[in-house]
Amino acid sequence: MSLFRKQSEPSLSRAQRANGSAKHPNRGGAPGAAVMERPQKPKVEKKAEPPVPREQNGLLVPLVQEPPDTPPQRGYLSDDWATNLRLQLQLADMLRKKVLAPELPLDIPLERTAERETKARQTLQQLFDSGRMMVPSNTTETAFTNNVLNETFGFGPLQRFIDTDDISEIMVNGPYVIFVEIKGRLLETGHKFLDDDHCERIIKRIAQPLGRLADSENPLVDARLPDGSRFNAVMRPVAIDGPSMSIRKFSKEKLTIQDLINFGSMTEDMAYFLEAIVVGRQNVVVSGGTGSGKTTLINCLSTFIPEHERSVTIEDSAELQLKQRNVVRLETKKPTPQTPREITVRDCVRNALRMRPERIIVGECRGGETLDMLQAMNTGHDGSMTTVHANDPRSCISRLETLVLMSGEELPINIVRKQIAGSVNFIVQASRLRDGSRKVTHITEIAGMEGDTVVLNNIFSFVDDGDDPEGKVTGYHAPNGLRPMCEPTLKQYGYPLPATLFMKSMKRK
């Protein structure tokens with residue numbers, strides 16, 4: 001018996017030694033014994049990496065994984081994967097330090113010019129041809145070379161997802177778990193970083209050109225990528241399970257209101273009504289949860305703003321893209337060591353009031369700027385729009401109340417509600433349903449106050465009929481039989497709405 005075995009195995013009792021069937025719990029003894037002891041090594045030991053998905057256009061086919069019998073261990077990386085990633089990093093570092101840009105630190109991005117890429121590929125090919133470097137057996141020379149170049153110029157394991165148009169969001173939960181969203185579904189990719197340091201290097205490489213600090217003193221990073229994508233990262237010591245990040249990709253092809261109709265997010269009647277209330281200068285709040293499509297929806301609504309009207313957009317990260325010419329875009333500013341002053345959304349809203357806007361569009365109200373926004377809506381800036389995080393129209397009212405109180409003004413709650421009821425005309429509720437689809441589930445008019453309660457009238461709503469055999473949500477959008485109070489105003493702007501548009505019996509799928 002080896003010394004390791006003597007030290008690692010607890011001694012068996014005399015009764016256990018007498019019973020020939022008794023085994024050490026770590027060697028798969030009786031089932032009862034395995035339950036009483038700590039998890040057996042065979043269950044925890046995962047030395048064989050799950051089968052590597054096949055590649056399509058350089059992108060691993062996402063793994064649709066069933067929930068495991070035991071929770072997966074954080075920090076797991078098979079020997080083959082670790083060797084492959086470590087070799088990629090070593091070659092990428094060599095290319096940058098000795099061939100391409102020895103003066104630049106490794107966490108600074110390097111521009112991927114055609115000349116540099118050609119030089120890097122030639123250097124790698126010489127190493128392969130001379131036999132000084134062997135391609136790992138679990139990959140191909142082409143795939144391995146592309147991975148090295150992604151480490152050299154780009155964002156390492158994330159680069160292939162950034163270059164794939166079908167992926168709308170990338171989520172990194174520590175170095176060993178990477179999820180992506182494709183067509184509303186979250187899928188695990190099977191790709192990994194080598195370790196926490198590798199993941200943090202990519203975070204710094206993304207953040208540095210954006211003027212953001214990313215280190216242990218500044219572990220929270222929020223920024224906008226040059227293409228408009230939204231980037232957020234959390235580093236040690238705040239991130240307990242290792243650095244995490246999310247990238248909400250900026251769609252190259254802007255969705256139109258017709259696209260939303262084709263996707264089943266709304267009906268043509270709903271789109272016509274939304275066009276009418278935007279042109280008719282009704283104040284609109286787009287409500288919804290994270291990832292429900294609020295920004296996409298408000299972008300589509302903004303296309304209805306007449307060309308001659310002056311609009312000012314205000315955002316934390318610029319995502320709104322108004323096509324009109326008479327538009328001013330404002331973005332908040334984070335403090336930096338060089339310029340420590342912070343410019344908030346509230347600062348921008350107050351400044352926008354001095355720019356002679358006819359409409360003010362705030363990307364998202366999340367604090368005291370909500371009070372300024374409501375006051376702007378109620379003082380000559382009709383037709384303004386904003387978004388709010390809430391799950392339904394009634395919750396949206398409660399959310400607006402809370403945000404107004406965050407302004408620091410000591411206002412009675414009934415005054416706050418009257419301000420909301422007098423400022424906001426419509427709530428458009430966007431929802432991400434259980435199958436990943438996104439729909440406009442409510443178009444709700446705020447019809448004033450009854451006592452201390454804000455009255456809400458649902459003009460259109462989505463009727464959920466359950467799921468089909470394939471797990472897709474079935475249902476239809478339908479009017480609720482109520483005519484909006486603003487109908488005379490909309491008629492003045494050239495939108496006479498037919499009575500059939502609001503008839504409850506008219507179900508339109």
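The values are calculated or read from the model by the stated rules, or taken from the named source; none is laboratory data. Since we're looking at a predicted model, the values are computed, not measured. Reconstructed Cβ throughout: ideal geometry from the backbone, glycine too, with neighbour counts over all protein chains shown. In case anyone asks, the SASA skips ligands and DNA or RNA and just uses the protein heavy atoms, side chains included. Shrake-Rupley method; radii C 1.70, N 1.55, O 1.52, S 1.80 Å.
On the basis of the beta-carbon distance and an R0 of 35 Å, ASP435 and GLN208 show a calculated FRET efficiency of 0.35. Dipole magnitude for region 191-294: about 240 debye, using +1 per Lys or Arg Cβ and -1 per Asp or Glu Cβ, origin at the Cα centre.
Computed from the C-alpha gyration tensor, the three semi-axes of the ellipsoid equivalent to region 76-186 are 25, 18, 13 Å, from longest to shortest.
In this label model, THR474 and THR336 are separated by 5.6 nm, measuring between points 7 Å along each Cα→Cβ vector.
On region 284-339, 50 percent of the accessible area sits on carbon and sulfur atoms, based on a 1.4 Å probe.
Residue separation of ARG394 and ASN378 scaled by 0.36 nm, minus their Cα-Cα distance, works out to 3.7 nm of gained length. P(r) tail, region 264-410: Cα-Cα pairs separated by more than 28 Å, 17% of all pairs.
Descending by average beta-carbon neighbour count within 10 Å, the peptides 286-297, 164-175, 208-219 line up as 286-297, 164-175, 208-219, the highest first. Its alpha carbons considered, region 254-324 gives a radius of gyration followed by a Dmax of 12.2, 33 Å.
Just so you know, the averaged projected area of the alpha carbon convex hull for region 398-508 sits at 9.4 nm². In region 325-430, the alpha-carbon atoms span a convex hull of 127 Å³ per residue. When region 97-193 is described by a simple charge dipole with +1 on each Lys and Arg Cβ and -1 on each Asp and Glu Cβ, the residue from PRO157, ALA120, MET171 located farthest towards its positive end is ALA120.
Computed from the C-alpha gyration tensor, the three semi-axes of the ellipsoid equivalent to region 92-149 are 21, 12, 11 Å, from longest to shortest. Report the normalised scattering of region 189-287 as log10 I(q)/I(0) at q = 0.18, 0.22 Å⁻¹, calculated by the Debye formula with identical scatterers on the alpha carbons. For the requested q values the scattering log ratios are -0.85, -1.09. Rounded to the nearest 0.05, what FRET efficiency do GLU117 and ASN138 have when you use their Cβ-Cβ distance and R0 = 25 Å? Once rounded, the FRET efficiency stands at 0.55. Charging the Cβ of each Asp and Glu at -1 and of each Lys and Arg at +1, and nothing else, the dipole of region 392-509 about its Cα centre rounds to 440 debye.
Under the criterion of Cα pairs below 8 Å and six or more residues apart, the relative contact order for region 326-399 equals 24 percent.
First measure r as the distance between the Cβ atoms of VAL455 and ILE182, then evaluate 1/(1 + (r/R0)^6) with R0 = 51 Å and state the FRET efficiency to the nearest 0.05. So the FRET efficiency works out to roughly 0.80. What's the center-to-center distance, using Cα atoms, between region 366-416 and region 256-312 in Å? A separation of 20 Å, based on Cα centres.
Pairs spanning more than 30 Å between alpha-carbon atoms, out of LYS294/LYS418; LYS254/LYS333; LYS252/LYS333; LYS333/LYS439: LYS333/LYS439. Using Cβ point charges alone (K and R +1, D and E -1), the dipole size of region 166-243 about the Cα centre works out to roughly 220 debye.
Here the relative contact order of region 371-509, from alpha carbon pairs under 8 Å that lie six or more residues apart, stands at 15 percent.
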